[in-house]
Amino acid sequence: MTILPGLLDTEAIRKDFPILDRTVHDGKKIVYLDSAATSQKPRQVLDALNEYYERHNANVHRGVYTIAEEATALYEGARDKVAAFINAPSRDEVIFTKNASESLNLVANMLGWADEPYRVDHDTEIVITEMEHHSNIVPWQLLSQRTGAKLKWFGLTDDGRLDLSNIDEIITEKTKVVSFVLVSNIMGTVNPVEAIVRRAQEVGALVVVDASQAAPHMPLDVQALQADFVAFTGHKMCAPTGIGVLWGRQELLEDLPPFLGGGEMIETVSMHSSTYAPAPHKFEAGTPPIAQAVGLGAAVDYLTSIGMENIARHEHAITEYAVRRLQEVPDLRIIGPTTAEDRGATISFTLGDIHPHDVGQVLDEQGIAVRVGHHCARPVCLRYGIPATTRASFYLYSTPGEVDALVEGLEHVRNFFG
Amino acid sequence: MKLDSMYQDVILDHYKHPHGRGLRTGDAEVHHVNPTCGDEITLRVRLSGETIEDVSYEGQGCSISQASASVLNELLVGKELAEARRIQETFLELMQSKGKIEPDDAMEEVLEDAVAFAGVSKYPARVKCALLSWMAWKDATAQALSEGKTA
């Protein structure tokens, strides 16, 4: 067994994740290397969901009866937990959404309908990067098409990093908003937040950070980031699907208009007009995903009990080992940084001219689950002249043995198509 | 091993030595993509009356999608449209069978090498790969026919 410095006690951790004991294809133990798509869920989160439905289920912020009060306390308690997890100055800055895509669409729509000084219109510019997930591209394309604002982006270097050499031309006095990913979901690149934020602040642009691949894997401090909005999703960080987060600075949430209207987000309603509840409720129209939020709260407790610093250290060790072992495989080309420096535990690669679909299929036969395709980041594939990649991604429960299994599996793929 | 039911030798042969690959003149051209995985095909159809004179194509994708285009070319070029449609429909039926159709002699006579894709129908994520070129052919043929009428 390979022992690396900084590893967590995965033997103990894996006992918390019942699915990791599953076997597929006649008894092959599952090797789950697709945590960047969605993480597995620990027993603690599954129990919290069950207990919520079995003991406390009621709608929130409405009833005066006991279990309604309990449901509200659990839902709002989850908000407290998330606020502490990301070091938010106020719990009222944490908006629950259904996922990171909704969070990012929410920001784009707030800005599209905003008055000055926030309004995005035909005289202004929006800046993103070429390594964004489609969820941080398409909402801005829509906003740009609807308002006439110009959409600009940072390109990529050959080694999978943002090309900031022309930052002063990309982010200008006309820039209203800069939205970028903290950790790339396809290449694992950790982006230099400080340089981008500094330039954005110089020109008075708002900064939106897509932290979907960061929040699960490293300490996330929204104050240290100095961003205006931070989006992430629960299901990649041990929580259920259907719950996401948008953190926003309080004064912005006060000033900016709501997007979805409905129950919960109002103060008073008449047939002529309405006034709105204060944030975060102003941005949470309708019955929210209550059980899912409770599950997110349990996930935050779980991750905090292990320690985000420890998780980051574990993943760094696994990544260092994986990039080294993968580069021993003939014809394998890593798309993105080829060292573990400033990179997360998500590694995309091509294998000769064997199509990733075929790679993934043969790996599946050995119980190894990887993602294949363009990973909702097609511009990255276009940039590097490839149709798709195979992506292995690791998490707190991943082991060096699973890296070895992947490397052996790839040998088998090469033999199969050789 | 189950994998062999998907990756039949016939399929791997077509993948490594594709028939009729490359774009030649045609009456209509379509470009189809599989948005989940990035497989792409550009396909042209050339008709002479009711006869398919040529199906030419260029694309990128997995072995299943590429082999399927090669089999399509081999099966459909030279056929009458009615016969080609029957082959296409039979192939579609086989691919949508979720592995429940065991091709019989009659089906094998219609589909020839394409029966090798029976195993692929057990893998829902890969059915789209196998059908990509066939859907493109159907689309291109419809366009060629409607353009022929209006011309």
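The values are calculated or read from the model by the stated rules, or taken from the named source; none is laboratory data. Source: prediction; values computed, not measured. Because the Cβ atoms are built from the backbone with ideal geometry, glycine has one as well, and the counts that use them run over all protein chains shown. In case anyone asks, the SASA skips ligands and DNA or RNA and just uses the protein heavy atoms, side chains included. Shrake-Rupley method; radii C 1.70, N 1.55, O 1.52, S 1.80 Å.
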Which of the residues belonging to the stretch A:319-335 are out of contact with any Leu (no Cβ under 8 Å at 6 or more places or on another chain), farther than 21 Å from A:Leu396 by Cβ and either of a type in the set (S, T, N, Q) or open to solvent by less than 10 Å² (accessible area, probe 1.4 Å) (or both)?
A:Gln327, A:Ile335
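Give me the residue from the stretch B:21-36 that is under 16 Å from the mean Cα position of the chain (by Cα) and away from chain A (no Cβ under 13 Å) and, out of that set, nearest to B:Asp139 (Cα to Cα).
Filtering the stretch B:21-36 for residues under 16 Å from the mean Cα position of the chain (by Cα) gives B:21-23, B:29-34.
Next, only the ones that are away from chain A (no Cβ under 13 Å) stay: B:21-23, B:29-32.
Values: B:Arg21: 18, B:Gly22: 19, B:Leu23: 17, B:Glu29: 9, B:Val30: 7, B:His31: 10, B:His32: 9 Å.
The residue in question is B:Val30.
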Pairs where the first residue, in the stretch B:113-139, is over 21 Å from A:His25 (Cβ atoms) and the second is among the acidic types (Asp, Glu) and open to solvent by less than 10 Å² (accessible area, probe 1.4 Å), C-beta under 9 Å, 6+ apart:
B:Lys128/B:Asp39; B:Leu132/B:Asp39
Any residue in the stretch A:83-97 that is charged (D, E, K, R), in contact with a Pro (Cβ under 8 Å, 6 or more places away or on another chain) and open to solvent by less than 30 Å² (accessible area, probe 1.4 Å)?
yes
Of all residues making up the stretch B:58-83, the number that are within 14 Å of another protein chain (Cβ to nearest Cβ), open to solvent by less than 10 Å² (accessible area, probe 1.4 Å) and of a type outside the set (Gly, Ala, Ser):
2
Is there a residue being within 12 Å of another protein chain (Cβ to nearest Cβ) and modelled with pLDDT under 95 anywhere in the stretch B:42-57?
no
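Return the residues of the stretch A:382-407 that are within 14 Å of chain B (Cβ to nearest Cβ), open to solvent by 30 Å² or more (accessible area, probe 1.4 Å) and either part of a helix (DSSP H, G or I) or within 13 Å of A:Ala345 (Cβ to Cβ) (or both); say none if nothing qualifies.
A:Leu382, A:Arg383 - these are the residues of the stretch A:382-407 that are within 14 Å of chain B (Cβ to nearest Cβ), open to solvent by 30 Å² or more (accessible area, probe 1.4 Å) and either part of a helix (DSSP H, G or I) or within 13 Å of A:Ala345 (Cβ to Cβ) (or both).
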Could you check the stretch A:125-142 and list, in sequence order, the residues that are in a helix (DSSP H, G or I) and either at positive phi or surrounded by fewer than 22 Cβ atoms within 10 Å (Cβ to Cβ) (or both)?
A:His134, A:Val138, A:Gln141, A:Leu142
Which of the residues that make up the stretch B:57-69 are out of contact with any strand residue (DSSP E or B) (no Cβ under 7 Å at 6 or more places or on another chain) and of a type in the set (Ser, Thr, Tyr)?
B:Ser63, B:Ser68
Considering only the stretch A:289-379, give the strands (runs of 3 or more DSSP E) lying wholly within it that have at least 3 residues that are within 12 Å of chain B (Cβ to nearest Cβ) and within 27 Å of A:Thr23 (Cβ to Cβ).
A:371-373
When you scan the stretch A:304-318, do you find a residue that is surrounded by 17 or more Cβ atoms within 10 Å (Cβ to Cβ) and farther than 19 Å from A:Pro216 by Cα, even just one?
no
Any idea which of B:Arg126, B:Arg86 is open to solvent by 20 Å² or more (accessible area, probe 1.4 Å) and either away from chain A (no Cβ under 14 Å) or charged (D, E, K, R) (or both)?
B:Arg86
Tell me which of these B:Glu108 doesn't satisfy, since it passes every other one: (1) more than 14 Å from chain A (Cβ to nearest Cβ); (2) touching a residue at least 24 places away in the same chain (Cβ under 8 Å); (3) loosely packed, with under 15 Cβ neighbours inside 10 Å.
(2)
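Applying the selection to the stretch A:58-73, what residues are open to solvent by less than 80 Å² (accessible area, probe 1.4 Å) and of a type in the set (S, T, N, Q)? Even if it seems obvious, please write down each step before you answer.
Here is the first cut: in the stretch A:58-73, the residues open to solvent by less than 80 Å² (accessible area, probe 1.4 Å) are A:58-61, A:63, A:67-68, A:70-73.
Hits for the stretch A:58-73 are A:Asn59, A:Thr72.
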Criterion violated by B:Asp39 - all others in (1) more than 13 Å from chain A (Cβ to nearest Cβ); (2) open to solvent by less than 20 Å² (accessible area, probe 1.4 Å); (3) not polar (S, T, N, Q) satisfied
(1)
Mind checking which pairs have a first residue in the stretch B:9-20 that is more than 11 Å from every other protein chain (Cβ to nearest Cβ) and a second that is in a loop (DSSP other than H, G, I, E, B) and surrounded by 16 or more Cβ atoms within 10 Å (Cβ to Cβ), Cβ under 9 Å, 6 or more apart or different chains?
B:His19/B:Val77; B:Gly20/B:Val77
Check whether at least one residue in the stretch A:282-289 is touching a helix residue (DSSP H, G or I) at 6+ places or on another chain (Cβ under 6 Å) and hydrophobic (A, V, I, L, M, F, W, C), and report yes or no.
no
Residues that are touching a residue at least 60 places away in the same chain (Cβ under 8 Å) and either within 14 Å of another protein chain (Cβ to nearest Cβ) or among the β-branched types (Val, Ile, Thr) (or both), drawn from the stretch B:140-151
B:Thr141
Out of everything in the stretch A:143-171 that is part of a helix (DSSP H, G or I) and without any contact (Cβ under 8 Å) to a residue 12 or more places away in the chain, what residue ends up being farthest from the chain's Cα centre (by Cα)?
A:Glu169
